[in-house]
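J.: I am attaching a structure below and will ask some questions about it afterwards.
The values are calculated or read from the model by the stated rules, or taken from the named source; none is laboratory data. Since the structure is predicted, the reported quantities are computational estimates derived from the model, not experimental observations. We place every Cβ from the backbone using ideal geometry, glycine too, and count neighbours over all the protein chains shown.
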Amino acid sequence: MNSEFSVQLNWVPGRRDSATRWILSHVLRNKLWLVTLVIGALGNGIGASLMFVFIGRAFNAVARSPIDYAAIGGAALGIAVSQLVRGVLQLGRNFGSEVIGQRLERDTRHELYASLIGRTQFQYAELVQVQETNTRMVKELEALQVRPFKRHRIYRLALA
């Protein structure tokens, strides 16, 4: 069946046996961000536990008969440095997760469009969706060359 449109993919879609295999095949295409996510998650856990280790060392320094101010200062410095490093690793974890999620959504949309474009085109669509995603849905349908049969109003409210 010939189609008027085509979607060019940079990869060959595969592994459509199950949803899990499909998701893994697409997630594993982003190995750098997956490694960033895992390192960030591990660093977050280690950084959270290091704070309590340093607090324990500071408590032990205060509990000694001559208070060890150098140990307290070292513990405070250790807490500050470990939490700064933890914050950077959390940022990497969150960014990696967001990039993987956005790319997975993009790949899903590309494969959906590729499978829909290869079929006979829709002529009309009745839109019955009342949410903030209505405008996005209308734009996606227009990209597929679908003419809305019944289009509900899209309201916009300007907040002052």
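J.: Name the residue, out of ALA71, ALA80, that is loosely packed, with under 13 Cβ neighbours inside 10 Å, at pLDDT 90 or above, of a type in the set (A, V, I, L, M) and more than 23 Å from the chain's Cα centre (by Cα).
T.: Unique residue meeting the criteria: ALA80.
J.: Between residues in the range 74-98 that are in contact (Cβ under 8 Å) with a residue 24 or more places away in the chain and residues that are buried (at least 18 other Cβ atoms within 10 Å of the Cβ) and among the β-branched types (Val, Ile, Thr), which pairs lie under 6 Å by C-beta distance while being six or more apart or on different chains?
T.: Every condition considered, the pairs that remain are GLY92/THR36; GLY96/THR36.
J.: Report yes if some residue within the range 52-68 is in a helix (DSSP H, G or I), out of contact with any helix residue (DSSP H, G or I) (no Cβ under 9 Å at 6 or more places or on another chain) and modelled with pLDDT under 85; otherwise report no.
T.: Looking through the range 52-68, none of the residues is in a helix (DSSP H, G or I), out of contact with any helix residue (DSSP H, G or I) (no Cβ under 9 Å at 6 or more places or on another chain) and modelled with pLDDT under 85.
J.: I'd like the full set of residues that are part of a loop (DSSP other than H, G, I, E, B) and either at pLDDT 80 or above or of a type in the set (A, V, I, L, M, F, W, C) (or both), limited to the range 15-33.
T.: Correct list: LEU28, ARG29, ASN30.
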